[in-house]
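A quick write-up on the structure given underneath.
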Amino acid sequence: MLHEKLSSIYDNVLRRNPGEIEFHQAVREVLDSIGPVLGKHPEYAESKIIERICEPERQIIFRVPWTDDKGEVHINRGFRVEFNSALGPYKGGLRFHPSVYLGIVKFLGFEQIFKNSLTGLPIGGGKGGSDFDPKGRSDGEVMRFCQSFMTELYRHIGEYTDVPAGDTGVGGREIGYLFGQYKRITNRYESGVITGKGLAYGGAQVRTEATGYGCAFFVQEMLKARGTSFDGKRVVVSGSGNVAIYTIEKVEQLGGVVVACSDSSGYVLDEKGIDLALLKQIKQVERARLDVYAQRRPHATFVPGRTVWEVPGQVAMPSATQNEITGQDAATMVANGLIAVGEGANMPTTPEGIKVFQEAGIAYGPGKAANAGGVATSALEMQQNASRDSWTFEFSEQRLQEIMRDIHDRCLATADEYGLPGNYVAGANIDGFRRVADAMLALGLI
Ligand code: NDP
Ligand code: 2IT
């Protein structure tokens with residue numbers, strides 16, 4: 001049940017943003033957590049902080065025309081939602097996927113506000129993307145799309161304004177084309193305008209690995225808080241993109257055995273542990289489908305068209321997309337001996353699934369805390385760009401691990417403070433919210 005004031009705010013969000021169901025879901029989860037904060041801080045309600053946080057500062061929607069290799073013209077839609085800049089320039093990734101529409105970009109941008117706040121670094125929240133589908137497109141087609149996308153986006157971004165990065169469908173290749181076009185149009189080598197750059201042109205060590213590594217570090221802390229570790233644990237990962245691959249890499253380094261991962265065509269089960277070199281070859285070099293893994297490693301099986309959550313594991317690390325774990329999936333996972341969930345993806349568990357995990361006493365680390373290592377390392381990239389410096393891999397990874405430990409500890413401490421021990425959802429939402437709210441109060445009505 002929502003606090004009365006929050007309930008009318010939520011009704012307004014539904015009314016003002018019709019049909020944007022993922023955005024509604026993300027707002028609801030935060031509002032569910034922050035009721036007790038309003039009791040302690042009436043000044044937040046008086047200044048209508050929550051109403052202001054739920055309304056993006058700026059929403060940009062634009063046409064993206066481009067030509068394919070045959071010369072045929074295509075039109076996509078581009079988005080950038082600049083949600084909240086109380087803590088710093090808008091910061092958040094770009095997603096290229098056919099499912100992208102305003103409701104997806106707004107849910108991701110809203111989550112990003114609190115996630116970025118949790119990192120403790122000076123970054124506001126934003127998100128963008130397009131309904132462009134990069135699958136099966138040549139490098140030339142992807143480049144022309146990225147150039148057209150940036151030809152509009154460039155006027156809205158800047159190192160002190162809004163700093164995009166990657167997300168689903170946007171990795172090192174796309175960031176290179178986007179930065180190249182920004183540089184060409186503006187005639188400025190403004191490294192800090194985008195993060196996730198290649199190491200040859202201003203990128204930072206560990207940014208590629210950061211979301212997956214950070215999520216593994218976060219789960220390591222959750223396990224430690226319960227007196228255990230990754231050692232010998234059976235781990236199930238969804239997805240096989242950037243976040244999944246580096247989650248698998250770090251979990252294996254920490255002693256866990258990742259037995260399954262997936263893509264949108266199905267999952268592979270490899271009881272000997274996922275062969276990471278083979279997975280990287282298939283996904284990063286060949287950009288092929290996951291059935292190829294089982295063709296090359298005959299003892300592994302590829303299971304088409306089914307959810308990876310039917311594979312028993314003690315730790316689950318969803319790293320594909322939103323709402324990929326239903327209430328039913330969660331019940332199966334709990335029955336199969338699950339003890340911890342670390343969300344590499346954004347909002348991968350449905351509200352029904354979260355309820356199942358929490359009622360079963362699972363250590364459940366929500367995305368805005370568990371996957372914050374990616375954006376935190378982006379902020380470190382901005383810091384290195386601003387000082388024209390570059391740090392070693394070891395130093396950067398150590399910074400990342402400290403940041404994840406700190407986020408973990410603050411989530412737990414905040415949950416304790418509000419009488420909800422072990423509730424990482426409440427801890428993350430309350431701690432993330434408070435910092436943004438205090439900054440907004442200090443900045444006046446803007
Ligand atoms: P990638 O594009 O590198 O990989 C995405 C993976 O998830 C692919 O294996 C893809 O399969 C699968 N996937 C994506 N969408 C769907 C879908 N609708 N249904 C089934 N499978 C799907 O993206 P990332 O690894 O970068 O991102 C994964 C998740 O992590 C997203 O939720 C993203 O928002 C989140 N995230 C990413 C960060 C980053 O730094 N990149 C930071 C924090 C969170 P297929 O190839 O078959 O589509
Ligand atoms: O969801 C996320 O935090 C990201 N896609 C990373 C954002 C960033 O700016 O590095």
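General remarks:
- Computed over the range 164-279, the convex hull of the alpha-carbon atoms projects to a mean area of 8.6 nm².
- Sequence-distant contacts, meaning Cα pairs under 8 Å at least 6 residues apart, place the relative contact order of the range 298-344 at 49 percent.
- Whole-number D in µm² s⁻¹ for the range 87-237, Kirkwood Cα-pair radius fed into Stokes-Einstein, 20 °C, 1.002 mPa s: 128 µm²/s
- Sorted largest first, extent of the chain alpha carbons per principal axis (Å): 61, 55, 43
- Taking the average, over residues, of other Cβ atoms within 10 Å as the packing measure, peptides 400-408, 134-142, 228-236 rank 400-408, 228-236, 134-142 from highest down.
- Here the label points at Asp389 and Met1, each 7 Å from Cα along the C-beta direction, are separated by 5.3 nm in the simple model.
- Think of each Lys and Arg Cβ as +1 and each Asp and Glu Cβ as -1; about the Cα centre, that makes the dipole of the range 1-148 roughly 180 debye.
- Given in Å, the Rg to one decimal and the Dmax to the nearest whole number for the Cα atoms of the range 57-160 are 14.6, 48.
- Electrostatic dipole magnitude of the range 294-380 [Cβ: Lys, Arg +1; Asp, Glu -1; Cα centre; debye, to 20]: 300 debye
- Counting Cα-Cα pairs of the range 263-373 in 5 Å increments starting at 0 gives whole-percent bin shares of 2, 12, 20, 22, 18, 15, 8, 2, 0.
- Formal net charge of residues neighbouring Glu394 (Cβ-Cβ distance under 14 Å; K, R +1; D, E -1): -2
- For the range 216-288: lysine pairs under 19 Å (alpha-carbon distance), excluding those fewer than 8 apart on one chain: 8
- Size descriptors for the range 223-322, from the alpha-carbon set: Rg then Dmax equal 12.8, 41 Å.
- Estimated at 0.36 nm per residue, the fully extended path between Arg226 and Asp406 surpasses their Cα-Cα distance by 63.1 nm.
- Cα centre as origin, Lys/Arg/Asp/Glu Cβ charges: the chain dipole, Debye: 740 debye
- Rg ratio (alpha-carbon, reference 2.2 N^0.38 Å) - the range 17-69: 1.73
- Taking chymotrypsin sites (Phe, Trp or Tyr not before Pro) across the range 108-172, the ones in a DSSP loop with at most 13 further Cβ atoms lying within 10 angstrom of their Cβ are Tyr160.
- Secondary-structure-derived ellipticity at 222 nm for the chain, considering helices only, amounts to -15000 deg cm²/dmol, per-run term -39500 (n - 2.57) for DSSP H runs with n ≥ 4.
- Theoretical FRET efficiency, 1/(1+(r/R0)^6), r = Cβ-Cβ of Ala413 and Ser138, R0 41 Å, to 0.05: 0.25
- Comparing mean-square fluctuations of Ile185, Ile104, Ile50 from a GNM of the chain with C-alpha springs under 10 Å, the top value falls on Ile185.
- Options Cys146, Leu290, Pro134, ranked by Cα towards positive dipole end of the chain, top entry (Cβ charges): Cys146
- Taking the average, over residues, of other Cβ atoms within 10 Å as the packing measure, peptides 165-173, 248-256, 315-323 rank 315-323, 165-173, 248-256 from highest down.
- Alpha carbon convex hull of the range 1-100, projected area averaged over orientations, nm²: 8.4 nm²
- Where labels lie 7 Å past Cα in the beta-carbon direction, separation of Ser265 and Ala335 in nm: 3.0 nm
- A protection proxy built from the mean count of other Cβ atoms within 10 Å ranks the segments 335-341, 17-23, most packed first, as 335-341, 17-23.
- Förster radius 35 Å - calculated FRET efficiency between Lys355 and Leu443 (Cβ-Cβ, nearest 0.05): 0.45
Quick note: the coordinates plus some simple rules give every number you see, no bench work behind them. Everything quoted here is computed from the prediction, not taken from an experiment. Cβ coordinates were reconstructed from backbone atoms using ideal geometry, including for glycine residues, and neighbour counts include every protein chain displayed.
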